[in-house]
Ligand SMILES: Nc1ncnc2c1ncn2[C@@H]1O[C@H](COP(=O)(O)OP(=O)(O)OP(=O)(O)O)[C@@H](O)[C@H]1O
Ligand SMILES: [Mg+2]
């Protein structure tokens, strides 16, 4: 894979539906009753921002490009600023969404409520596309990750892939449903469905046994590399006439939220480091598993990643 502008190490990350995650800790969650929280945290969230956080931890320059509005929009901006994550955010007339994560400390379960996000006006979307096109000039890689806000067509990731191709920039897409299916004909470098998303896309069960064939179907639909992440089983990739199944190391799993986002960050880092496709998958699996072990939310460290990369590489060479 040829990376344009090799000396410019910037990874452009699209975050169309950024959110404020309000994480509320409760001694116990009782339905249909008043609950008292122990404490709560507000942080910028959304898949693109998770990818940015993980890439930052791995030592990469990123630029988050998106749209935000309202008091929640200001909070997202502030949090990114404090996390030293550069961003270019088009101001919206609507208000960025909240996502509520209710953590029940009695059994360590999480109940998540995701708001749909603001309605985007056509002129706001146009401003975003203009900014994306401008930023692609200096990008080495484009990452499109996460759900779409209201009134944005499901074909938008496909349009972004095409825009990036015009700048010789490869694109990685992490999406669900129509946004995923409609990105494929534009020929992204890869899409990253998890097992359920791949099943939705292909219309049949995806097991560890048929995962290589399923990834082949995804490649036939337009991805350069057919790829599926398989949770604690690891991940699979096919390209040209080759394929690889990379098992995940067994780690004590504290929380698997954002494993896919961290996996994507690992793959992006490997692409920037001009690694081979098998190595790209090792990096992805190691980063994803580091997240499962660290407790989710894409808060991994470089040291954790490197330790697990060794384990993943050893495991892959044994199988
Ligand atoms: N329980 C686990 N133990 C070890 N590694 C894990 C575990 N869960 C996930 N991973 C790692 O993270 C990668 C991505 O996980 P998964 O397929 O679950 O992503 P996902 O469902 O898209 O996650 P999300 O959308 O919440 O970010 C896997 O390929 C694996 O390397
Ligand atoms: Mg996912």
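Numbers at a glance
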quantity	calculated
Spin-label pair residue 127/residue 37, simplified geometry with 7 Å Cα→Cβ offset, distance in nm	3.0
Footprinting exposure proxy for 53, 165, 220 (fewest neighbouring C-beta atoms within 10 Å first)	220, 165, 53
Listed peptides 31-38, 305-312, 101-108, 138-145 by packing density, highest first (mean Cβ within 10 Å)	138-145, 305-312, 101-108, 31-38
Fewest-first sequence of 135, 302 by Cβ atoms within 10 Å of each Cβ	302, 135
Cα-only Debye scattering, the range 9-163: base-10 log of I(q)/I(0) at q = 0.11, 0.18, 0.19 Å⁻¹	-0.46, -1.05, -1.14
Cα-derived Rg to Rh of the range 36-116, Kirkwood definition	1.01
Spin-label model distance (nm) - residue 153 vs residue 83, 7 Å beyond Cα toward Cβ	3.1
The chain: radius of gyration over Cα atoms, expressed as a fraction of 2.2 N^0.38 Å	0.96
Ranked list, fewest to most other Cβ atoms within 10 Å of each Cβ, for 239, 283	239, 283
Residue 28/residue 241 FRET efficiency (R0 51 Å; Cβ-Cβ; nearest 0.05)	0.40
Helix-derived mean residue ellipticity, 222 nm - over the chain, DSSP H n ≥ 4, -39500 (n - 2.57), to 500	-12000 deg cm²/dmol
Residue-span extension gain [residue 208 to residue 276] - 0.36 nm each, minus C-alpha spacing	22.2 nm
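Read-outs: derived from the displayed coordinates by stated rules, not from any lab. Predicted model, so just to flag it, every value in this text is computed and none were measured. Positions of Cβ are generated from backbone atoms using ideal geometry, with glycine treated the same way; all protein chains shown enter the neighbour counts.
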